[in-house]
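Here the structure is laid out as structure tokens; the discussion comes afterwards.
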Amino acid sequence: MYYSKAELERNSPSRKAGISMEEEKRLRRKWALFLQQAGQLLELPNQTVCTAIVFFHRFYMALSFTKQDPLL
């Protein structure tokens, strides 16, 4: 499923749960960077790391950051 920029900004579960757009963007950047750094430490192929980041973003289009902590 593809989302337009407008859909991402107003329809994500985190936005509906009261997280501001700026905070959601900050969380997404933070965790994408974490996945990238973990991939580098594990010497994973770049394609694998990029796929993990895509899955992360898709997961949080189904659940809110308030409902599921990325560390759990």
Degrees between helix 46-59 axis and first principal axis of the chain (Cα, 0 to 90, nearest 10) | 20
The chain, accessible area per residue, ligands and nucleic acids excluded (1.4 Å, Å²) = 76
So what's the convex hull volume per residue for the Cα atoms of the chain, in Å³?
-> 87
Computed magnitude of the charge dipole of the chain (debye, nearest 20; Cβ of K, R +1, Cβ of D, E -1) | 200
Can you send over the carbon and sulfur percentage of the accessible area for the chain, probe radius 1.4 Å, protein chains only?
-> 59
Reach of Lys25 by Cα under 14 Å, taken over aspartates and glutamates that are not fewer than 8 positions away in the same chain | Glu7, Glu9
By average C-beta atoms within 10 angstrom, highest first, the peptides 31-38, 4-11 = 31-38, 4-11
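The values are calculated or read from the model by the stated rules, or taken from the named source; none is laboratory data. Values in this document were obtained by computation on a predicted structure and should not be read as measured data. Every residue, glycine as well, gets a Cβ built from its backbone with ideal geometry; the counts of neighbours run over all protein chains shown. These area figures cover heavy atoms from the full protein model, side chains too; ligands, DNA and RNA do not enter into them. Shrake-Rupley method; radii C 1.70, N 1.55, O 1.52, S 1.80 Å.
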